[in-house]
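One structure below.
The values are calculated or read from the model by the stated rules, or taken from the named source; none is laboratory data. This one's a predicted model, so the numbers in the text were calculated from it and none came from an experiment. Ideal geometry is used to build each Cβ from the backbone, glycine not excepted, and the neighbour counts take in all protein chains shown. With ligands, DNA and RNA removed, areas are computed over all heavy atoms of the protein, side chains included. Shrake-Rupley method; radii C 1.70, N 1.55, O 1.52, S 1.80 Å.
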Amino acid sequence: MYKKFEQETAMGDNIFLKEMKEIQFEDYFKYDAKCRGNLGDELPVMVYRMLEYSLKDELKNRFGKEVQIEVFRSAGRKAGEYFAKNMLDLDVPLDQFVNELQKKMQELKIGVLRIEDVNEETGKIILTVAEDADCSGLPVLGETVCNYDEGFIAGILSLYSGKPYTAVEVDCWATGDRVCRFHADVQE
């Protein structure tokens, strides 16, 4: 395990890093895609899940389940806002926005999005994601596991609507269902 002193010393000696600003979330997405010329830009679901579930387990073991869930929702929200801002047109009517979101989620192999119900008066949306990268094919574990997706959906809807959304998963592969179902609501 690295000690803070060792990290500061190593970075302090590097003349290329002396004038660097603090890394921002968006900086991680500025990369040269050609640097994976042999492997390309796709990863198997198993590799994604190794990252996701090892982080989930480590956070739960160190800080407890409630903190782990909150961290995953928060990270998902940040990613959802970035996704909406950089990959979607936020200035179109809802039906066009949903159509674009569905296409982009399938294109990026995130999952197959379907809208079940929209209450335009309250803003409540019930949606499903089939073939979800997080949980499709998991055995019944007795609880929903897609906390990152809850945040991701909330981030997208918040940025599009300009209203603060929350999303809660109510059905999941890990609870015996064959799609993930989310209830998204405007926070009060």
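With r as the distance between the Cβ atoms of MET46 and VAL92 and R0 = 35 Å, compute the FRET efficiency 1/(1 + (r/R0)^6) and round to 0.05. Provide the component values of the computation, followed by the final result.
Numbers: r = 36 Å, r/R0 = 1.02.
Step by step, r from the Cβ atoms, then E = 0.50.
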Distance between modelled label sites at GLU121 and LYS78, nm, 7 Å Cα→Cβ extension: 3.9
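Evaluate the relative contact order of the stretch 111-188 (contact order divided by residue number), counting alpha-carbon pairs under 8 angstrom at least 6 apart; express in whole percent. Could the numbers behind the result be given before it?
Details: 164 pairs, mean separation 26.2, N = 78.
RCO, the stretch 111-188: 34 percent.
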Cα-projected label distance for TYR31 with ASN99, points at 7 Å along beta-carbon direction, nm: 3.3
Rounded FRET efficiency, nearest 0.05, which uses the C-beta distance separating LYS109 from ASN61 and R0 of 45 Å: 0.95
3J(HN,Hα) from dihedral phi, the stretch 26-32, Karplus parametrisation 6.51/-1.76/1.60, rounded to Hz, x for glycine, proline: 5, 4, 5, 9, 9, 9, 8
Inter-label distance for VAL140 and LYS163, nm, one decimal - labels placed 7 Å from Cα along Cα-to-Cβ: 3.6
Translational D in µm²/s for the stretch 136-183 (Stokes-Einstein at 37 °C, 0.692 mPa s, Kirkwood Rh from C-alpha pairs): 296
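Would you work out the charge dipole size for the chain about its Cα centre, treating the Cβ of every Lys and Arg as +1 and the Cβ of every Asp and Glu as -1, and quote it to the nearest 20 debye? Kindly include the intermediate steps, with their values, before the conclusion.
On the way: 24 positive and 36 negative charges, 112 e Å.
Around 540 debye, computed over the chain.
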Cα-based Rg and Dmax for the chain, where Dmax is the largest Cα-Cα distance (Å): 18.8, 59
With every protein chain in place, the stretch 8-85: carbon and sulfur % of accessible area (1.4 Å): 59
Average Cα contact separation per residue, the stretch 10-141, under 8 Å, 6 or more apart, as relative contact order %: 12
Choice from TYR165, TYR31, TYR148 showing the highest fluctuation, given a GNM over the chain with Cα pairs closer than 10 Å: TYR31
Furthest towards positive pole of dipole, GLY142, ILE23, MET105, structure part the chain, Cβ charges: ILE23
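Hey, any idea what the orientation-averaged projected area of the convex hull of the stretch 105-188's Cα atoms comes to, in nm²?
Values: hull surface 21.3 nm².
About 5.3 nm², averaged over all directions.
Over all distinct alpha-carbon pairs, what is the Kirkwood Rh of the stretch 59-148 in angstrom? Can you show the working numbers first?
Details: mean 1/r = 0.0667 Å⁻¹.
Averaging 1/r across every pair of different Cα atoms and inverting gives 15.0 Å.
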Whole-Hz ³J(HN,Hα) from phi, Karplus 6.51 cos²θ - 1.76 cosθ + 1.60, for the stretch 111-126, glycine and proline x: x, 9, 8, 9, 9, 8, 7, 10, 9, 5, 6, 9, x, 5, 10, 10
Most fluctuating residue given options GLU120, GLU100, GLU70, as computed from a GNM of the chain linking Cα atoms under 10 Å: GLU120
Under-5 Å amide H pairs with ASP171, H placed in peptide plane, nonlocal only: ARG181
Fluctuation leader among LEU59, LEU127, LEU101 - the chain, Gaussian network, Cα springs under 10 angstrom: LEU59
DSSP loop trypsin sites (Lys or Arg not before Pro) with at most 10 other Cβ within 10 Å excluded, longest remaining stretch of the chain: 31-188
Euclidean distance of C-alpha centroids, the stretch 58-75 and the stretch 80-149, integer Å: 22
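Counting only heavy atoms of protein chains, what accessible area per residue, in Å², does the stretch 77-119 have with a probe of 1.4 Å? Display every interim value, and only then the final one.
On the way: 2640 Å² over 43 residues.
With the other protein chains kept in place, the stretch 77-119 gives 61 Å² per residue.
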